[in-house]
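Read the structure below first, then the notes.
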Amino acid sequence: MMARILALLCLLTTMVAGPGEGETENSYVLNPEDVLSISVWERPDLSRTVTVRAGGAITFPPLGDVQAAGLSPAGLARYLEERLTDLLRGPVQVTIEMVAFNSRRITVSGAVTAPGRYSFEQIPGILEALGAAGGLGATADLGRVQIFRKVGEQQTVLTVDLTDALQTGDFGSLPPLVPGDVIYVPAVGGPWGELGRAAYVIGEVARPGAYAVGTGLDLVKVLSLAGGPGPGADLEHVRIVGRDPKGKSFVAEVDVERYLEAGRSDFIVQPGDAIGVPAQRRRGTGAAWLATREILGLSRDVLNLFLISDVLTSE
C-alpha cells in the first residue's frame with residue numbers, strides 16, 4: 001500500500017493541468033481577466049494583446065470597445081473579421097489565441113514545490129492543481145489540505161484528507177474546485193505545520209512565505225517581514241485565516257490601509273495563521289505603504305531587520 005502512495009506522489013510532481021479530452025480553446029467561453037492575442041493577417045498594425053475588462057469588453061482599435069465575454073475565441077475572431085471587412089472594404093483574416101485563462105485561476109500555497117497562481121482552460125481537480133504547482137513537498141500533510149473559497153460575500157474553508165483517496169485510488173469523493181479557489185497544503189508536525197510559531201503570508205507582497213511570529217505579532221509587522229505590500233496590493237481587503245482557541249477555522253477581513261499611518265494594527269497574528277493580500281483593481285492603494293515608510297524614516301530592509309530582531313528577542 002505504501003508503495004502505491006509513493007508512486008502516486010511521484011506522479012503528482014510531473015502532472016500538468018490542461019484541457020479535458022476533446023477540449024479546444026475554441027470551446028472556451030471568454031470571461032473578464034482573460035488575456036488574448038489578436039492577429040490580423042498582413043496587418044501587423046492591428047495585431048495586439050488585450051485583456052477582457054471587468055465589464056466583458058476589450059479595446060480593439062480601430063473598432064473601439066468590443067464585447068468579448070460570452071463568446072468563444074473563434075466566435076470573437078469571426079465577429080472582428082465581419083467588422084473589419086466592412087471597415088477596410090476587403091477580406092480580413094483574424095486569429096485569436098489565448099495567452100492566459102485568468103478567469104479560471106487557482107492559487108496553490110504551502111508545502112508544494114512551486115507555490116503560485118495558475119490559470120487553466122478547464123478547472124482541474126485538486127491533484128491536477130497540485131501537479132501544476134510542481135507536486136507535493138517532502139513535508140506535506142495530506143490529511144489537512146485546505147481549500148479557501150469565496151461564495152458571494154462569505155469565505156468558506158474546506159478541509160480535505162487526500163490520504164484516503166491516494167490509498168484507495170477513489171478520487172471521485174474529492175470536492176471539485178471552482179475558479180478563485182486557494183489550496184493550502186500544510187506541513188506535518190502540528191495542526192498548521194512544523195514551523196510551529198510561523199504565520200504564512202501569500203498574495204501581493206514582496207516575499208510570500210512563512211514568518212516567525214512568536215506567540216503573536218501585529219499584522220502590520222508581519223506584512224513588513226514579508227517585504228511589505230506590492231504596488232498592486234488591495235490593503236482594504238486583507239484576509240486572515242486561522243483557528244480560534246477551540247480549534248475551529250475562521251476567516252477575518254481586515255482593512256490594513258487605515259492602520260498603515262500608525263505603523264501598527266490592533267489585529268494580532270497568531271502562529272499558524274495564513275494572511276492573504278489580494279490584488280487591487282485600481283491604482284492608488286499601494287501609495288499608503290510608501291508613505292508609511294517615509295513617516296517611519298526607515299528603508300524596508302532596515303525595518304525588516306528591526307522587526308526580525310524584535311521577534312527573535314521576544315522568543
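Structure above, values below:
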item	result
Using a Förster distance of 45 Å, the FRET efficiency for ASP65-VAL251 (Cβ separation, nearest 0.05)	0.75
Relative exposure of GLU204, GLU82, judged by other C-beta atoms within 10 Å (fewest first)	GLU82, GLU204
Size of charge dipole - the stretch 29-100 - debye, nearest 20, with Cβ of Lys, Arg +1 and Asp, Glu -1, no other charges	80 debye
Top positive-direction residue, dipole computed over the stretch 76-129 with Cβ charges, set VAL92, ALA111, ILE126	ALA111
Projected label distance in nm at ARG207 and GLU153, using a 7 Å step from Cα toward the beta-carbon	3.8 nm
Tail fraction, Cα-Cα pairs, the stretch 29-100, threshold 16 Å, whole percent	40 percent
Residue-span extension gain [SER173 to GLN122] - 0.36 nm each, minus C-alpha spacing	16.4 nm
Computed E for ALA100/SER72 - FRET, C-beta separation, R0 25 angstrom, nearest 0.05	0.95
Dipole of the stretch 195-251, positive direction: furthest Cα of VAL238, GLY227, TYR200, with charges on the beta-carbon	TYR200
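Coordinate-derived values only; no laboratory data. Quick caveat: nothing in here was measured; it's all calculated off a predicted structure. Backbone-built Cβ (ideal geometry, glycine too); neighbour counts: all protein chains shown.
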